[in-house]
Amino acid sequence: MTKQELEEVFYIDKEIKDLERRIQAKEKQSEDVSDVVQNGYKRHAVIFGIDVKRAYKLQSMHEKLKKFKIQLVEKQQEILDYIQKVPFSEIRQILMFKYIDGHSWIKIAHEMNDIYRTSKYTEDNIRIKIDRFLEKK
């Protein structure tokens with residue numbers, strides 16, 4: 001797995017949330033239509049119906065959005081599976097903080113120092129550890 005693929009997971013998560021919002025918006029849209037017609041002198045009638053073309057387009061768009069969401073979730077799962085298979089706990093935790101949670105290197109250093117009750121982690125040495133780990137792969 002490359003660094004670029006790992007970086008994608010944070011953005012994929014945001015994109016999935018955006019797709020969910022779009023899917024909900026499409027579900028709220030209606031294919032119902034209505035019109036007011038004149039029915040004799042000074043009389044009006046309201047006609048209700050369904051716009052078949054619009055209904056088809058809405059259904060098609062809804063299905064495409066759901067399929068795309070499924071693809072993104074699968075890609076996200078691949079990356080999570082990769083991180084879970086990393087044999088080193090320290091590297092795995094750093095990868096989770098960086099690519100899943102989207103933390104900055106300095107925040108990760110603080111998190112790691114809090115977890116292990118040390119001050120050995122710095123922004124630079126964490127970044128270098130990850131770069132070296134990814135180069136080996």
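Tabulated values for the structure
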| item | result |
| --- | --- |
| Residue 134 vs. criteria open to solvent by less than 70 Å² (accessible area, probe 1.4 Å) and either within 22 Å of the chain's Cα centre (by Cα) or free of Cβ contacts under 8 Å to residues at least 60 places away in the same chain (or both) | no |
| Selection status of residue 107, assigned to a helix (DSSP H, G or I), in contact with a Phe, Trp or Tyr (Cβ under 8 Å, 6 or more places away or on another chain) and within 22 Å of residue 4 (Cβ to Cβ) | yes |
| Residues that are open to solvent by less than 50 Å² (accessible area, probe 1.4 Å), in a helix (DSSP H, G or I) and out of contact with any helix residue (DSSP H, G or I) (no Cβ under 8 Å at 6 or more places or on another chain), drawn from the range 19-57 | 25, 55 |
| Some residue of the range 61-79 being open to solvent by 40 Å² or more (accessible area, probe 1.4 Å), free of Cβ contacts under 8 Å to residues at least 60 places away in the same chain, part of a strand (DSSP E or B) and not aliphatic (A, V, I, L, M) | no |
| Test: residue 12 is open to solvent by 90 Å² or more (accessible area, probe 1.4 Å) and among the β-branched types (Val, Ile, Thr) | no |
| Hits in the range 83-97 - residues which are part of a helix (DSSP H, G or I) and more than 24 Å from residue 20 (Cβ to Cβ) | 84, 89, 90, 91, 92, 93, 94, 95, 97 |
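The values are calculated or read from the model by the stated rules, or taken from the named source; none is laboratory data. Model, not experiment: these values are computed from the prediction. Using ideal geometry, Cβ is built from the backbone for each residue, glycine included, and neighbour counts are taken over all protein chains shown. Accessible surface is based on the protein model in full, side chains and every heavy atom, while ligands, DNA and RNA are left aside. Shrake-Rupley method; radii C 1.70, N 1.55, O 1.52, S 1.80 Å.
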